[in-house]
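Peer 1: To start, I am sharing the structure in question, which I have written as structure tokens.
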Amino acid sequence: MKGEYLYQKALAALHRDNWIEAFQILLDLVKAHPDFLPGYRELAFISWDGGHYSFAREILEEALKHHPKDPDCNLLLGNIHYMEGDYRKALRHYALSKRSQKASPELEYNMGLCFRQLGDRVKAVSHFTMALEMAPDMVEALLALGSCHLEEGELEEAEEALWQVLELDPSNADAYHLLGMVQARREEWDEALILWEEAVALDPYRPETLREMGWAHHMKGEKDLAIDFLEASIRLNPKYIQARFDVSLIYMQSQRIAEAMENLRAILEVEPRNTLALRYMDEVRSLGGYLEGEGEG
């Protein structure tokens with residue numbers, strides 16, 4: 001069969017790491033034999049691995065015209081729609097994939113991610129739980145489950161899932177970060193800081209963790225430490241708006257006008273119409289004028 005011959009020829013080229021030759025053979029294959037599904041799949045996988053997601057999407061859409069129930073094509077197309085932010089389309093393709101094959105932990109996890117992005121945490125938790133029933137050591141699903149429980153204020157359930165992550169992966173910085181968030185919800189700032197220190201020790205590039213540490217020190221009344229951590233967060237991510245808001249607020253409280261203005265201007269460079277930044281800017285200008293008047297008095 002001509003299609004099978006070309007397909008094997010493409011696989012041989014891939015085995016030699018010549019993906020360009022394989023890609024061209026596969027393009028010729030699907031053009032000459034539009035019903036030959038393995039050719040579409042391999043083209044999509046090559047495109048996906050190369051980061052050419054829009055082309056992979058086109059190939060998969062063409063494949064599904066001929067084989068609309070194919071589970072692999074539907075799964076990969078769902079992944080692409082998820083990356084593009086179209087979570088409802090992703091769910092449709094995941095559901096088609098699920099109908100055509102036995103459910104898998106990956107598929108349940110991906111569906112949970114979509115429902116979480118759509119704001120339906122109940123369904124998200126259900127799918128993460130199903131993923132874990134099939135694969136109890138799936139760290140990603142445990143992390144997602146713990147995060148969902150945290151967002152719902154279910155702190156004990158969140159802790160249980162996150163400590164399970166650390167039993168499986170003791171160097172998981174995300175788990176330490178989220179466990180710190182659990183303690184912060186309880187306003188147990190010292191305990192939260194200990195957990196966040198572990199997260200940063202494992203992964204120093206964590207602007208979100210440094211920002212939380214800064215706010216915890218602020219809540220403890222330790223302004224200098226708060227500023228140090230928030231500024232460290234901003235150095236890692238100069239466009240981190242929440243960290244700039246936090247530090248500008250502390251600078252305002254400390255009457256450090258120039259530093260507050262600098263951070264508010266940085267926010268407005270990223271989001272020129274940010275209403276909160278504009279309001280803070282007016283307050284800083286008023287505070288600056290008041291302080292100048294006091295100095296003249």
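Peer 1: Kindly express, to the nearest 10 degrees and within the range 0 to 90, the angle between helix 257-270's C-alpha long axis and the longest C-alpha principal axis of the chain.
Peer 2: Approximately 20 degrees, to the nearest ten.
Peer 1: Using a 1.4 Å probe, what is the accessible area per residue for the chain, in Å²?
Peer 2: Each residue of the chain exposes 53 Å² on average to a 1.4 Å probe.
Peer 1: For the chain, find the longest principal axis of its Cα atoms and tell me its angle to the long axis of helix 71-83, 0 to 90°, nearest 10.
Peer 2: Once rounded, the angle reads 20 degrees.
Peer 1: Charges at C-beta only: +1 for Lys and Arg, -1 for Asp and Glu. How large is the resulting dipole of the stretch 68-146 about its Cα centre, in Debye rounded to 20?
Peer 2: I would put it at about 380 debye.
Peer 1: Specify which residue in the list Ala175, Cys148, Ile234 is farthest towards the positive end of the charge dipole of the stretch 142-247, using unit charges on the beta carbon of Lys, Arg (+1) and Asp, Glu (-1), about the Cα centre.
Peer 2: Looking along the dipole axis, the top candidate is Ile234.
Peer 1: In addition: Where the only charges are on Cβ atoms (+1 Lys, Arg; -1 Asp, Glu), what is the dipole of the chain about its Cα centre, to the nearest 20 debye?
Peer 2: 1580 debye
Peer 1: Something else now. Normalising by the residue count of the chain, find the relative contact order in percent from Cα pairs under 8 Å and 6+ residues apart.
Peer 2: 6 percent
Peer 1: Candidates (i) 0.98; (ii) 1.12; (iii) 0.95; which is the computed Rg/Rh (Cα atoms, Kirkwood Rh)?
Peer 2: From the options (i) 0.98; (ii) 1.12; (iii) 0.95, the structure gives (ii).
Peer 1: From the residues Leu6, Tyr82, Pro34, which one has its Cα farthest along the dipole of the stretch 1-86 in the positive direction, the dipole being from +1 and -1 charges on Cβ of Lys/Arg and Asp/Glu about the Cα centre?
Peer 2: The residue sitting most towards the positive pole is Leu6.
Peer 1: Of all the accessible heavy-atom surface of the chain, with the other protein chains kept in place and a 1.4 Å probe, what percent is carbon and sulfur?
Peer 2: 51 percent
Peer 1: Sticking with this one: Which of the listed residues, Ile25, Trp48, Pro68, is farthest toward the dipole's positive end in the stretch 19-85, when Lys, Arg count +1 and Asp, Glu count -1 at the beta-carbon?
Peer 2: Pro68
Peer 1: Enter the accessible area of Lys9 (Å², nearest 10), with the probe set to 1.4 Å and all protein chains included.
Peer 2: Only protein atoms counted, so the area is about 90 Å².
Peer 1: Pairing the Cα long axis of helix 105-117 with the longest principal axis of the chain, what angle in degrees results, from 0 to 90 and rounded to the nearest 10?
Peer 2: It works out to around 40 degrees.
The values are calculated or read from the model by the stated rules, or taken from the named source; none is laboratory data. Quick caveat, the model's predicted, so the values are computed rather than measured. Heads up, the Cβs are rebuilt from the backbone with ideal geometry, glycines too, and the neighbour counts pull from every protein chain shown. Accessible surface is based on the protein model in full, side chains and every heavy atom, while ligands, DNA and RNA are left aside. Shrake-Rupley method; radii C 1.70, N 1.55, O 1.52, S 1.80 Å.
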